[in-house]
Structure formats: structure tokens, C-alpha cells
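Below: one structure, written as C-alpha cells.
The values are calculated or read from the model by the stated rules, or taken from the named source; none is laboratory data. Since we're looking at a predicted model, the values are computed, not measured. When we count neighbours, we look across all protein chains shown, and the Cβ atoms used for this are built from the backbone with ideal geometry, even at glycine.
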Amino acid sequence: MQTVIQVITSGRGSLREKIMSDQRLGKFGLIPTEHQRPGRPHGWAKIHSAREAHGAINLEWHGRSNTLICRVVTKSGNKPNSIIGDFIDYLLARHQSRILAIHIMRR
């Protein structure tokens, strides 16, 4: 199952960069695991859950539209609600002033 979270922001700079460099990310049960590996497209990163929530969140930043596209991927029939809850909790606690809208869509 895959869930897409679209975060529309205001302000300057990449929200993905701010998330990946945030020292308090672990406090919300999230661990940054990969970040711009050579040979991959620019503007992407990956976050895993530090808790027992199964799955990962792939982050991709679109600078022209100030939009963060987050693909939540789970395996083996696991539900994405725990990792999505941790991520939304983090976004609203740490970046609320930049966020204009959050859309969650199932694929």
C-alpha cells in the first residue's frame, strides 16, 4: 500500500532540507536514513520510523511550487497510520508557520 502526503508551504528554502537537518526529528520517532545518493535525482530523502511502525517515507521537494511530496510505503499488509501520525505530528510541531495545506491521498 502507498499513501501520498502533499505539503504545500510558504517561505523560502527546501522544507526537505530543514527536515533532514533537524536535530529534533528523533524526538518524534523518525530517523533520516538516506539523503541524495549519487546517481539519484536531486531533492529526495528517506525517513524510517524509530518505533515499531513499519514503513518508510520518501521525501521529494519541488522548489518551483514550494511543495513537499511524501510517499509513505509499507510492506506485508502493515497499515501506515503510525508512521503518518508521527510525521504529521512532527510537521505541525516544528514547521507549522510554513505549512499552508496538507493533503493525504491513498494510492
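Tabulated data
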item	result
Residue match in segment 69-76 (condition: touching a helix residue (DSSP H, G or I) at 6+ places or on another chain (Cβ under 9 Å), assigned to a strand (DSSP E or B), modelled with pLDDT under 95 and surrounded by fewer than 17 Cβ atoms within 10 Å (Cβ to Cβ))	no
Residue list for segment 49-82, restricted to those being among the aliphatic types (A, V, I, L, M) and closer than 26 Å to Gly11 by Cα	Ile57, Leu59, Leu68, Ile69, Val72
Only listed residue being touching a helix residue (DSSP H, G or I) at 6+ places or on another chain (Cβ under 7 Å) and modelled with pLDDT of 80 or more, chosen from Trp61, Trp44	Trp61
Residue, nearest to Arg51 (Cα to Cα), within segment 77-107, restricted to residues that are assigned to a loop (DSSP other than H, G, I, E, B) and of a type in the set (D, E, K, R)	Lys79
